[in-house]
Amino acid sequence: MTSFLQIDNLTKRFGDLVLYENISFGIAQGQKTGLIARNGAGKTTLLNIISGKESADEGDIVFRNDLRVGYLDQSPLYPEGLTVLQACFYSQNETVRLIADYETAALSNDANALETLIPRMEHGKAWDYERKAKQILSQLKIKDFEQKVETLSGGQLKRVALANVLILDPELILLDEPTNHLDLEMIEWLEGYLKRSTISLLMVTHDRYFLDEVCNEIIEIDNKQIYSYKGNYSYYLDKRAERMDAMQTSIDHANNLLRKELEWMRRQPQARGTKAKYRIDAFYELEKKARQRHDDGNVNLNVKASYIGSKIFEATDVTKNFGEIKILDHFNYTFSRYEKLGIVGDNGTGKSTFIKMLTGELQPDSGNFNIGETVRFGYYSQEGLQFDEKMKVIDVVQDIAEYITLGNGKALSVSQFLNYFLFSPEKQHNFVHKLSGGEKRRLYLCTVLMSNPNFLILDEPTNDLDIVTLNVLEEYLANFKGCAIVVSHDRYFMDKVVDHILVFHGNADIRDFPGNYTQYRLWKTQRGKEESTKSGGNRNNKSSGTTANGSPSATTAGSNQDGKAGNRQPSGKKKLSYKEQKELEALEIEIPALEKEKKTIEENLNSGTLSIDELNQLSARIGELIDLIDEKTMRWLELSDEK
């Protein structure tokens, strides 16, 4: 394979802190690599070094000559005053700048400018480039070209930055948390785009489904070194577990040898002369190896939440509008004891507004939230990261509580609690300003949990947290003896944590679904296809429990009546014709065969043994297979429904 990027013997230090030492790896054509490490291990720093924004202390970074490279920053910034259109085409590339001038002239209907620009577009063969750029803008739902970038939300700005990168038609992309601030629809679009394209990439993300679907190699920074795994995220988990087992076996073996050597060292003080020097040196090396520990944070906190009564909260006829934008319209909901609710929906549909009304930050226009007397909220918000940078980490949490109570009558000290959330004793006594962005997010999470709430509200908790921390948080929530509401675009996290979800469609359309996000997505796809093929069928039938978009109807929370509604059979069914029956039988053979072919191709793509031609061929074929499987599955559902 053609090498696009080669990193050799890279070392980076910040004072006494060594991030990595003499690490080497490469990115080849067609390779899609996910970079995994704990917060503070230097993931973003590594991307900044590769992109030229920061310098390394030692080592070489070599790109293939004339390689087109794109870089999506974790927090993209553009000069104030730029319009969305100008930001999308913000580049030194001459063709891109020409298209930007053309689009600006077309938008303002400047005939004189167009007269000059059109011949230049033709001469520069920019029309295909411009058509692709417009497709990307459309797919990213970027429509208001005149809006100023400083007025954009985080999600809007991320989409503009994505467009800016993809319009350049890069051969290699560096992506730093590309799914942060994107809604689920955009995440799934980007996932599909990268999966089907031949673009090579090096990506940092905490989105585990995204990693699993897009990447064919995982590299991990661990203990200042690089470990490479030739497969997707699921493959990485298996192989990493094997590495950890082997490492533990090696440590156990070293400990056994150390005990014997320690006896010799104590017993033979007279032997510490020249002849025994090699053995003394070996002893100290062995001691160093035996002291290795690897803590993945796989802990079970079993924190005992403060008592919570049977009454949690009731929303009664809650209405909220912002001008002509409807958020809630006579919304009613009764929250159940120990319920764990997920909230999903596109950006701007009112999820955060709903949370702020529940916690009292915003007031409804009418109606009310009646909160139970025993409820103690712990609120992790997107804007809540505010610390005194001069304080030590342990002091920040100790200001909230000296200890946290466990369910077995025991207690954890602040230091023990921080250790569970992956702050080593050394880190605990660091000043806050020395922490990375992800570590500050983790510290903020600790301050919320340390207050011992019985009702957790987590608004986008997965942004900027590493995968190891997410595993710890998921374990914490699994054992949490209280209530929880989670607003998140992280599908993996939602699937592991929540009992059911509220789906915010916008315009005060909120639906309750009795399952996790993956189940909802599958159900929505099936129902949407049924609705579109039946020419409206039950589109306006309120009693069916569904709306035009195929979502379950909203009911009082805790009853899950809408889940049953979603499984009702449509009325007016007809029997299958002979031709349709044969088609159904054929589909039941074709679909498993296509799935088998898809699985075989995925295994080959993850093998790391294919040539670039084979990679391109199989990547194109897997895209065709996905479309075929979707199409035939939907047809099978239609026919099965009529059977």
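The values are calculated or read from the model by the stated rules, or taken from the named source; none is laboratory data. Since the model is a prediction, treat every value here as computed from it, not as a measurement. Cβ atoms come from the backbone with ideal geometry, glycine included; neighbour counts cover every protein chain shown. Heavy atoms of the whole protein, side chains included, go into the accessibility calculation; ligands, DNA and RNA do not. Shrake-Rupley method; radii C 1.70, N 1.55, O 1.52, S 1.80 Å.
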query: Is it the case that segment 512-530 has a residue that's open to solvent by 10 Å² or more (accessible area, probe 1.4 Å), aliphatic (A, V, I, L, M), in contact (Cβ under 8 Å) with a residue 60 or more places away in the chain and not in a loop (DSSP other than H, G, I, E, B)?
result: no
message: Just to check your reading of the model, which residue among ASN112, ASN65, ASN9 is closer than 20 Å to ILE221 by Cα, of a type outside the set (D, E, K, R) and more than 29 Å from the chain's Cα centre (by Cα)?
response: ASN9
- request: Return the residue satisfying two criteria in turn: it lies in segment 12-41 and is at pLDDT below 90 and at positive phi, and of such residues it is least open to solvent (accessible area, probe 1.4 Å).
  value: GLY40
message: Quick check on segment 311-319. Is at least one of its residues part of a helix (DSSP H, G or I), open to solvent by 10 Å² or more (accessible area, probe 1.4 Å) and modelled with pLDDT of 60 or more?
response: no
message: If I go through segment 624-643 residue by residue, how many of them are open to solvent by less than 60 Å² (accessible area, probe 1.4 Å) and modelled with pLDDT of 75 or more?
response: 6
message: If I ask for residues that are in a loop (DSSP other than H, G, I, E, B) and either open to solvent by 30 Å² or more (accessible area, probe 1.4 Å) or of a type in the set (D, E, K, R) (or both), which ones from segment 135-149 would you list?
response: LYS141, LYS143, ASP144, PHE145, GLU146, GLN147
task: Sort out which residues of segment 187-213 are open to solvent by 10 Å² or more (accessible area, probe 1.4 Å), of a type outside the set (Phe, Trp, Tyr) and part of a helix (DSSP H, G or I), and write them in order of number.
output: GLU188, GLU191, GLY192, LYS195, ARG196, ASP212, GLU213
statement: Those residues of segment 150-183 that are open to solvent by 10 Å² or more (accessible area, probe 1.4 Å) and farther than 24 Å from ARG68 by Cβ come to a total of 8
query: What helices (runs of 4 or more DSSP H) lie completely within segment 35-134 and have 1 or more residues being over 17 Å from VAL160 (Cβ atoms)?
result: 43-51, 94-107, 111-123
- request: Scan segment 225-247 residue by residue and report those that are over 15 Å from GLU213 (Cβ atoms) and either assigned to a helix (DSSP H, G or I) or among the acidic types (Asp, Glu) (or both).
  value: ASP238, LYS239, ARG240, ALA241, GLU242, ARG243, MET244, ASP245, ALA246, MET247
query: How many residues does segment 440-466 contain that are among the aromatic types (Phe, Trp, Tyr) and closer than 21 Å to ILE394 by Cα?
result: 1
statement: Taking segment 157-180 and keeping only residues that are of a type outside the set (D, E, K, R) and touching an Asp or Glu at 6+ places or on another chain (Cβ under 8 Å), one is left with ALA161, THR179, ASN180
query: Of the residues GLY437, GLY407, which single one is open to solvent by 40 Å² or more (accessible area, probe 1.4 Å), of a type in the set (Gly, Ala, Ser), modelled with pLDDT under 90 and under 21 Å from THR44 (Cβ atoms)?
result: GLY437
- prompt: Filter segment 322-333 for residues that are under 30 Å from the mean Cα position of the chain (by Cα) and open to solvent by 50 Å² or more (accessible area, probe 1.4 Å); which is nearest to GLN363 (Cα to Cα)?
  reply: PHE322
task: For ALA126, state whether it is farther than 25 Å from LEU202 by Cβ, more than 20 Å from the chain's Cα centre (by Cα) and either of a type in the set (Ser, Thr, Tyr) or buried (at least 17 other Cβ atoms within 10 Å of the Cβ) (or both).
output: yes
